[in-house]
Amino acid sequence: MKLRMGLALLFVFVVPLAVDGQNPSVPPPTAEQKESVRRIVMKRLSEQKLPKVEFEGIQVREALEFFATKTHLNMVIALGDEGPAPPLKPITIHRRNMPLTEFLDEVCKQSGLKWVIEYPGLVRITPK
């Protein structure tokens, strides 16, 4: 039996320390860059389809977790500034070949929420 030994290389990058959350060597993104990222994410979401959606009385948070798992996008669900979030009624969706944008639209429509894409590709869910 032969054993092969490999050499693993570790690359370390030195980045200046961030001050107040800002990296001094990297300028903040421009409005055009932010809009470009938003358009790319929207295109990706509208092109990707869920082959079959069968949700009956599912909680909104579960539907949004399902979405986040499928898209690998970060999501913020901001339902209120203070105190516990208001209760949301369960939702029902029965569809085939549903684009991800329509999925978000339907979840938000049934629960009185809205969604936006923020830089850098974050999906934010808020009350209407």
- Query: residue 104 is checked against (1) more than 30 Å from residue 30 (Cβ to Cβ); (2) surrounded by 16 or more Cβ atoms within 10 Å (Cβ to Cβ) and fails just one. What number does that condition carry?
  - Reply: (1)
- Item | Index of the failed condition, residue 56 passing every other in (1) of a type outside the set (S, T, N, Q); (2) touching a residue at least 12 places away in the same chain (Cβ under 8 Å); (3) assigned to a loop (DSSP other than H, G, I, E, B); (4) over 20 Å from residue 36 (Cα atoms) | (3)
- Message: Can you tell me which condition residue 70 does not meet? The list is (1) loosely packed, with under 15 Cβ neighbours inside 10 Å; (2) more than 19 Å from residue 43 (Cβ to Cβ); (3) within 16 Å of the chain's Cα centre (by Cα), and all the others hold.
- Response: (2)
- Of all residues in the range 106-123, count the ones that are in contact with a strand residue (DSSP E or B) (Cβ under 8 Å, 6 or more places away or on another chain) and within 17 Å of residue 60 (Cβ to Cβ). 11
- Is it the case that residue 43 is without any contact (Cβ under 8 Å) to a residue 40 or more places away in the chain and surrounded by 11 or more Cβ atoms within 10 Å (Cβ to Cβ)? yes
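Of all residues in the range 26-53, how many are assigned to a helix (DSSP H, G or I), of a type outside the set (A, V, I, L, M) and touching a strand residue (DSSP E or B) at 6+ places or on another chain (Cβ under 6 Å)?
Start the filter on the range 26-53 by keeping residues that are assigned to a helix (DSSP H, G or I), which leaves 31-47.
After this cut, where a residue has to be of a type outside the set (A, V, I, L, M) as well, the list is 32-36, 38-39, 43-44, 46-47.
Then keep just the ones that are touching a strand residue (DSSP E or B) at 6+ places or on another chain (Cβ under 6 Å); that gives 38, 46.
Residues meeting the conditions: 2.
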- Query: Can you list the strands (runs of 3 or more DSSP E) found entirely within the range 74-128 that contain at least 3 residues being at pLDDT below 95, closer than 25 Å to residue 36 by Cα and not aromatic (Phe, Trp, Tyr)?
  - Reply: 75-77, 113-118, 122-127
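The values are calculated or read from the model by the stated rules, or taken from the named source; none is laboratory data. The shown structure was predicted, so the numbers you read here are calculated from the model rather than taken from an experiment. We place every Cβ from the backbone using ideal geometry, glycine too, and count neighbours over all the protein chains shown.
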